[in-house]
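Visitor: Take this structure, written in structure tokens, and hold onto it; I'll ask about it next.
The values are calculated or read from the model by the stated rules, or taken from the named source; none is laboratory data. Quantities reported herein were computed from a predicted structural model and do not represent experimental measurements. Cβ: placed from backbone, ideal geometry, glycine included. Neighbour counts: every protein chain shown.
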Amino acid sequence: MNKITILWVDDEIDLLKPHIIFLEKKNYQVITCQSGREALEELEDTKVDIVFLDENMPGISGLETLSEIKKTHTSLPVVMITKSEEELIMEEAIDSKIADYLIKPVNPNQILLSLKKSLDHSRLISEKTTSNYQQEFRKIAMDLSMVNSYEEWVDLYKKLIHWELQLEEIEDSGMFEILESQKIEANNQFGKFIDKNYPNWFSSDNTPVLSHTLFKNLIKPELKDKSTLLVVIDNLRYDQWLAFESTVNSFYKKKKETPYFSILPTATQYARNAIFSGLTPLEMEKQHPNWWKNDTDEGGKNLHEEDFLGAQLKRLGLDLKWEYHKISSLKQGKQLSQNYKTQKDNNLTVIVYNFVDMLSHAKTEMEVIKELASNDKAYRSLTVSWFKNSPLLEIIQQAQAMGQKLIITTDHGTINVKQPSKVVGDKDTSLNLRYKTGRSLSYDNKDVLSAKNPKDLQLPTINMSSSFIFAKNDLFFAYPNNYNHYVSYYRNTYQHGGVSLEEMIIPFVVLEPR
């Protein structure tokens, strides 16, 4: 069995020689450092199991060192050792997720007890999480063979995300691979379910809330009692919401959470326009031809969200004082944050925040973002980092101080695409990687949900012979021309427009100020 390695950081490390000898006799390996900076350098080169960290050191303090350690070694247990029992220091350390803390002078048995508690606790959590998932794995596998309603798909997807977030904490790669295979199988079955049931959702009573019914069914009932801030974060997946939910919880408590379904294509011009208009794309084209643009039309496709919203509010008989803001840059976000007090008399303030969309596009186009968001765990982490440092969080804090209700939602999710699927179309075929619309499309039937008559899915027909196809699972469409370059460029990027749990089942959350 490998020795447990301890990194002990103390500017008076020589005085701790008896403790180190004691631990080495107990078969622990102890590496020593005399400063926070030296410890951070050591951690770059050496794998350790636990850190003992003195709080009061010259140079960077123990708390500062702790903060730096947690940025790169989130699950590494750190035991804080301090001369001071000052409450503020303890609170800061505990907030930074220390495993334990000890007050100087410490004796060897205290150290030993802390080691057992910290390391065995991590091991027990890891073993229990693995055991619980192994049991749940069988149930999820059974559910996958039987799930037959949109409500059951929501529950199943939430379970998969729950276990994904649990397993990534314990870093059990074997269990994680099993979960990944279950997610792939779930998307296979979900694609078949959507293929069979989606067209009926526009004519049946037993339907989920969809993009075009979101405002009427879920938002309108929340506008009766108090001023409301509605935040639509473009491209926000359900797992990304769960990742930064705890940050929002510092200011708001959740009243209800109702995942809903994005319409197809799961793309901004379709789904978000549908939210604000309360209409399907086909209805938008008919009722507002001056505002609606098809894929092949020139110009921005989401320039009339405010107009669509005004028309919907009027149609719903809602006489509200409202404002709409679209944020596509840090500068715009800061400007709104600085002036947010002007929104206090509104019944409804709507903010469309485009950062996550920009992040997914940047991952495609910028190598550094590809490195930073190389998988779903890293993608979530990057989203959380943005949110915690964004003007949006400042706006949410101000909204809480003003007593506003908060609604957080999105227009569609996104999926990390892995496998190419060849498609052939004419020069007017749309460019999106997860859906195509055009004439004479040639494709592999097993890879797509096809709509030969777009009106069946409440989609406009660009010309008489136009059809739509939507990629399933983690596929993306690639043309035969320059195929290998195209596939290499887009593989492992985040795309949207197609049929997957990640793109279609998306968060809608109502929160009340604390």
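Visitor: State which residue is farthest from K388 (Cα to Cα) when the search covers only the stretch 309-325 and only residues that are of a type outside the set (A, V, I, L, M) and either surrounded by 17 or more Cβ atoms within 10 Å (Cβ to Cβ) or in contact with an Asp or Glu (Cβ under 7 Å, 6 or more places away or on another chain) (or both). Steps first, please.
Guide: As a first pass, look at the stretch 309-325 and keep what is of a type outside the set (A, V, I, L, M): 310, 312, 314-315, 317, 319, 321-325.
Filter again for either surrounded by 17 or more Cβ atoms within 10 Å (Cβ to Cβ) or in contact with an Asp or Glu (Cβ under 7 Å, 6 or more places away or on another chain) (or both), leaving 312, 321-322, 324-325.
Numbers: Q312: 33, K321: 30, W322: 27, Y324: 23, H325: 20 Å.
Only one residue fits best here, namely Q312.
Visitor: Within the stretch 159-170, does at least one residue satisfy the condition of being assigned to a loop (DSSP other than H, G, I, E, B), in contact with a helix residue (DSSP H, G or I) (Cβ under 9 Å, 6 or more places away or on another chain) and either at pLDDT below 80 or β-branched (V, I, T) (or both)? Give the steps one after another, and end with the answer.
Guide: Taking the stretch 159-170 and keeping what is assigned to a loop (DSSP other than H, G, I, E, B), we get none.
Scanning the stretch 159-170 turns up no residue that is assigned to a loop (DSSP other than H, G, I, E, B), in contact with a helix residue (DSSP H, G or I) (Cβ under 9 Å, 6 or more places away or on another chain) and either at pLDDT below 80 or β-branched (V, I, T) (or both).
Visitor: Name every residue in the stretch 202-216 that is buried (at least 16 other Cβ atoms within 10 Å of the Cβ) and either of a type in the set (K, R) or in a helix (DSSP H, G or I) (or both), in order of residue number. Outline the logic, then answer.
Guide: In the first step, residues of the stretch 202-216 are kept if they are buried (at least 16 other Cβ atoms within 10 Å of the Cβ); the result is 202, 208-215.
Of everything in the stretch 202-216, those that are buried (at least 16 other Cβ atoms within 10 Å of the Cβ) and either of a type in the set (K, R) or in a helix (DSSP H, G or I) (or both) turn out to be F202, S211, H212, T213, L214, F215.
Visitor: In the set E180, E136, which member is under 21 Å from the mean Cα position of the chain (by Cα), part of a helix (DSSP H, G or I) and under 26 Å from F244 (Cβ atoms)?
Guide: Working: E136 fails: under 21 Å from the mean Cα position of the chain (by Cα).
The conditions single out E180.
Visitor: Taking the stretch 202-219 only, how many residues are farther than 19 Å from I408 by Cβ and without any contact (Cβ under 8 Å) to a residue 40 or more places away in the chain?
Guide: Within the stretch 202-219, residues that are farther than 19 Å from I408 by Cβ and without any contact (Cβ under 8 Å) to a residue 40 or more places away in the chain number 4.
Visitor: Next question. Please work out which residue is surrounded by the fewest Cβ atoms within 10 Å (Cβ to Cβ), limiting yourself to the stretch 243-264 and to residues that are at pLDDT 95 or above and aliphatic (A, V, I, L, M).
Guide: Going through the qualifying residues, I end up with V248.
Visitor: Test L501 against the stated conditions and say whether it is more than 27 Å from D297 (Cα to Cα) and either touching a strand residue (DSSP E or B) at 6+ places or on another chain (Cβ under 6 Å) or modelled with pLDDT of 95 or more (or both). Before you say what the answer is, go through the steps one by one.
Guide: On the way: more than 27 Å from D297 (Cα to Cα): yes; either touching a strand residue (DSSP E or B) at 6+ places or on another chain (Cβ under 6 Å) or modelled with pLDDT of 95 or more (or both): yes.
So L501 passes the test.
Visitor: Picking from S360, S374, S385, which residue would you name as being modelled with pLDDT under 90, outside any helix (DSSP H, G or I), under 20 Å from N235 (Cβ atoms) and not assigned by TED's automatic domain parsing to the domain that holds T72?
Guide: On the way: S360 fails: outside any helix (DSSP H, G or I); S385 fails: outside any helix (DSSP H, G or I).
Of the residues listed, the single one that is modelled with pLDDT under 90, outside any helix (DSSP H, G or I), under 20 Å from N235 (Cβ atoms) and not assigned by TED's automatic domain parsing to the domain that holds T72 is S374.
Visitor: Does the stretch 400-412 contain at least one residue that is loosely packed, with under 14 Cβ neighbours inside 10 Å and of a type in the set (D, E)?
Guide: No, the stretch 400-412 contains no residue that is loosely packed, with under 14 Cβ neighbours inside 10 Å and of a type in the set (D, E).
Visitor: Just checking, which of S421, S430 is of a type in the set (G, A, S), assigned to a strand (DSSP E or B), within 21 Å of N484 (Cα to Cα) and touching an Asp or Glu at 6+ places or on another chain (Cβ under 8 Å)? If you could, list the steps in order and put the result at the bottom.
Guide: Numbers: S430 fails: assigned to a strand (DSSP E or B).
Result of the check over S421, S430: S421.
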